[in-house]
Amino acid sequence: MCTVYYGPVINPQSLTDYLALPQCLICVSPQGNIEWLVEDVDSTKLNDVLSQHDYAPSDITLICLDDGEFLMPGLVDTHAHACQVPNLGVGGELELLQWLDNYTFPTEARFKNVEYAERTYPHVVRRIVNSGTTTCCYYGSLHLEATKVLASLVHTAGEFTLVKCNMNRNCPPNYIEPSVKESVDTTLALISYIEELPKSVSGETLLHPILTPRFAVHSNPELAIQTHISENKSEVELVKSLFKTNSYAETYDKFHLLRKNTVLAHGVQLTEDEMVLIAKRGSGVAHCPTSNFYLSSGMARVGMLLDHGVKVGLGTDVSGGYSPSILAEIQHASIASKMLAIQAVDNKKCKCNGGHSKSSSSGSEDTHSRGRHGHKHHEYQGDEKQPGRFTNQKLSIATLLYLATLGGAEVCCLQDRIGSFEQGKAFDALLVSVREDDTGNPAVWGYNPDRDLTHGVTAQSADNSLIEWLERFLFCGDDRNIKKVIVQGRTIGGRDYHPLR
Ligand code: GUN
Ligand code: FE
């Protein structure tokens, strides 16, 4: 039987556009794919639209959203270390290389013990799913057995993507793969294990292996394809000296590791020449701003990456980032872009004034922002063809939403299956509520029918409210606002999900 959802829907379209649809109808097949979607259906016309699609009301399960609820695509985390979750929130006073030695490697080394993995990973996957992440590029630890545990849990939960980590040089003695052969053998064993896991209801494989040489410092070039790049200045210098290359990107390119399906985490220190090379190779960047602030790495120039045509998604980089939620990345990506915009204006003023400007700046004009009282379609206000339209600009809500959904999907080469609501795509969705009485999150100053906290919601202003609901959720929301996490039509998490009851 198909499931038909009716109510407010947010649907990302492009880097500068999303749709806010107050009365949208989405039909999901028993296999979990979107059969059809009608953007605007008056409640009095529901049965007409169903019968146009040859459904009688008795043929379907109809789910009408409550007041203050909306659907949006599930969030994509393009970079998360599952084995570092036990270290969340500790060690942020250090920078990358010292942090790895003092906190990260000891945390990951514990996964040598399979029982520890069996105790820990269920909580890790549950937290990440309940944060609204429906697709995740996980890094496991070095250990085959522990990573099988993780693979099997992710598979059962129904998320996408993963694989273990490979590292065989410049590592601590208790956390290193003894040889290239062993690294290759265990990786192949893991791939076979993942390939033998049963398929989903639709017959589709949700769990995909990704080869994971940890970063150039650790990896033998024979292995590929999800890795770190140019996160920290000392790391970049170390890589250039180890490989005798001129840049980090060149190092990977020399070994043919920059491919269409390569996910490069961070890219904080990338030069424009490296961005051009990465764009040419079609690789994507996982922007991890929480981690980049927390480990004092810097701010990735996301706008410039986009202007060079590089695919960009968001990544939590737990535990370099202290939050497992992509919402934190949206918030920090916004702040990072504002800081870059402020700096750019200040630098320009400094140059004009011979370097003596004292004026403070509120940043550059936000050329991408929607009108406050926008309507259904959030068209880009500026000149689409203008070069440099993102460089040193604040990221708009449309862009942030895109990076968290469709952008992440592109980085994972899954844009034809996930990232937005479109006929034929998997129905990966979050059912969000902004009602304080329902969610217990007073930080979201949202719609509350008993107390008019914002302004009256009338038919005329409903559309506008949906836009505000989204923005409030992105900046003030958390797990409490996510009632359902749905992957391929199946609820796998969220506040309303109680599998054991
Ligand atoms: N570079 C190599 N390994 C890591 C890691 O675990 N986290 C981060 N943030 N950067 C890395
Ligand atoms: Fe990382």
key: Evaluation of Lys483 against (1) under 20 Å from the mean Cα position of the chain (by Cα); (2) under 26 Å from Thr3 (Cβ atoms); (3) at pLDDT below 95 (one fails), failing number   = (3)
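Tell me which residues, restricted to the stretch 69-79, are more than 15 Å from ligand 2 (Cβ to nearest atom) and modelled with pLDDT of 95 or more. Before the answer, list the steps.
Here is the first cut: in the stretch 69-79, the residues more than 15 Å from ligand 2 (Cβ to nearest atom) are 69-76.
Result: Phe70, Leu71, Met72, Pro73, Gly74, Leu75, Val76.
Against the condition over 30 Å from Leu211 (Cα atoms), in a loop (DSSP other than H, G, I, E, B) and away from ligand 2 (no atom under 16 Å from the Cβ), how does Asp66 come out, does it pass? Step through it out loud before you land on a result.
Numbers: over 30 Å from Leu211 (Cα atoms): yes; in a loop (DSSP other than H, G, I, E, B): yes; away from ligand 2 (no atom under 16 Å from the Cβ): yes.
So Asp66 fits the description; yes.
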query = For the stretch 252-266, how many residues are under 19 Å from Lys240 (Cβ atoms), open to solvent by less than 70 Å² (accessible area, probe 1.4 Å) and touching a helix residue (DSSP H, G or I) at 6+ places or on another chain (Cβ under 8 Å)?
reply = 4
ask   = Name the residues in the stretch 51-79 that are out of contact with any helix residue (DSSP H, G or I) (no Cβ under 8 Å at 6 or more places or on another chain), of a type in the set (Ser, Thr, Tyr) and either exposed (fewer than 15 other Cβ atoms within 10 Å of the Cβ) or closer than 21 Å to Ile128 by Cα (or both), would you?
value = Ser51, Ser58, Thr61
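For the stretch 46-85, give me each residue that is among the polar types (S, T, N, Q) and either under 25 Å from the mean Cα position of the chain (by Cα) or not assigned by TED's automatic domain parsing to the domain that holds Val487 (or both).
Step one: of the stretch 46-85, the residues among the polar types (S, T, N, Q) are 47, 51-52, 58, 61, 78, 84.
Thr78, Gln84 - these are the residues of the stretch 46-85 that are among the polar types (S, T, N, Q) and either under 25 Å from the mean Cα position of the chain (by Cα) or not assigned by TED's automatic domain parsing to the domain that holds Val487 (or both).
Return the residues of the stretch 130-154 that are in a loop (DSSP other than H, G, I, E, B) and either of a type in the set (Lys, Arg) or over 11 Å from Phe111 (Cβ atoms) (or both); say none if nothing qualifies.
Within the stretch 130-154, the subset in a loop (DSSP other than H, G, I, E, B) is 131-132, 140-143.
Ser131, Gly132 - these are the residues of the stretch 130-154 that are in a loop (DSSP other than H, G, I, E, B) and either of a type in the set (Lys, Arg) or over 11 Å from Phe111 (Cβ atoms) (or both).
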ask   = Can you tell me which residue in the stretch 281-304 is farthest from ligand 1 (Cβ to nearest atom), limited to those that are in a helix (DSSP H, G or I) and within 20 Å of Ala80 (Cβ to Cβ)?
value = Val302
ask   = Has the stretch 80-98 got any residue that is in a strand (DSSP E or B) and either open to solvent by 20 Å² or more (accessible area, probe 1.4 Å) or within 13 Å of ligand 2 (Cβ to nearest atom) (or both)?
value = yes
key: Near pairs, Cβ below 7 angstrom, 6+ apart or cross-chain, from the stretch 22-50 (over 20 Å from Leu470 (Cβ atoms) and open to solvent by less than 70 Å² (accessible area, probe 1.4 Å)) to any residue that is acidic (Asp, Glu) and assigned to a strand (DSSP E or B)   = Cys27/Glu35; Val28/Glu35; Ser29/Glu35
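Take the residues in the stretch 273-308 that are among the basic types (Lys, Arg) and free of Cβ contacts under 8 Å to residues at least 60 places away in the same chain, then tell me which one is farthest from ligand 2 (Cβ to nearest atom). Even if it seems obvious, please write down each step before you answer.
Restricting attention to the stretch 273-308, the residues satisfying the condition of being among the basic types (Lys, Arg) are 280-281, 301.
With the extra rule that they be free of Cβ contacts under 8 Å to residues at least 60 places away in the same chain, the set shrinks to 280-281.
Working: Lys280: 24, Arg281: 20 Å.
For the stretch 273-308, the residue satisfying everything is Lys280.
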Every residue from the stretch 304-336 that is open to solvent by 10 Å² or more (accessible area, probe 1.4 Å) and over 14 Å from the mean Cα position of the chain (by Cα) = Met304, Leu306, Asp307, His308, Gly309, Tyr322, Ile335
query = Mind checking which pairs have a first residue in the stretch 464-486 that is among the basic types (Lys, Arg) and a second that is open to solvent by less than 20 Å² (accessible area, probe 1.4 Å) and in a helix (DSSP H, G or I), Cβ under 7 Å, 6 or more apart or different chains?
reply = Arg480/Thr439
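Would you confirm whether or not the stretch 105-112 contains a residue that is away from ligand 1 (no atom under 16 Å from the Cβ), in contact with a helix residue (DSSP H, G or I) (Cβ under 9 Å, 6 or more places away or on another chain), in the same structural domain as Gly320 (by TED's automatic domain parsing) and of a type in the set (Lys, Arg)? Before you say what the answer is, go through the steps one by one.
Applying the first criterion (away from ligand 1 (no atom under 16 Å from the Cβ)) to the stretch 105-112 yields 112.
Narrowing further to those that are in contact with a helix residue (DSSP H, G or I) (Cβ under 9 Å, 6 or more places away or on another chain): 112.
Remaining after also requiring in the same structural domain as Gly320 (by TED's automatic domain parsing): 112.
Restricting the remaining residues to those that are of a type in the set (Lys, Arg) gives 112.
Yes; the residues of the stretch 105-112 include at least one that is away from ligand 1 (no atom under 16 Å from the Cβ), in contact with a helix residue (DSSP H, G or I) (Cβ under 9 Å, 6 or more places away or on another chain), in the same structural domain as Gly320 (by TED's automatic domain parsing) and of a type in the set (Lys, Arg).
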inquiry  = Go through (1) hydrophobic (A, V, I, L, M, F, W, C); (2) surrounded by 24 or more Cβ atoms within 10 Å (Cβ to Cβ); (3) in a helix (DSSP H, G or I) for Cys350 and report which single condition fails.
reply    = (2)
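Only residues that are assigned to a helix (DSSP H, G or I) and surrounded by fewer than 24 Cβ atoms within 10 Å (Cβ to Cβ): list them for the stretch 401-435, please. Full working, then the answer.
Filtering the stretch 401-435 for residues assigned to a helix (DSSP H, G or I) gives 401-411.
The one that is assigned to a helix (DSSP H, G or I) and surrounded by fewer than 24 Cβ atoms within 10 Å (Cβ to Cβ): Glu410.
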request  = Might you check whether a residue that is outside any loop (DSSP other than H, G, I, E, B), modelled with pLDDT of 90 or more and surrounded by fewer than 22 Cβ atoms within 10 Å (Cβ to Cβ) occurs anywhere in the stretch 188-211?
outcome  = no
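The values are calculated or read from the model by the stated rules, or taken from the named source; none is laboratory data. Just so it is clear, the model here is predicted, and its values are computed rather than measured. When we count neighbours, we look across all protein chains shown, and the Cβ atoms used for this are built from the backbone with ideal geometry, even at glycine. Remember, those area values only see protein heavy atoms, side chains included, never the ligands or the DNA or RNA. Shrake-Rupley method; radii C 1.70, N 1.55, O 1.52, S 1.80 Å.
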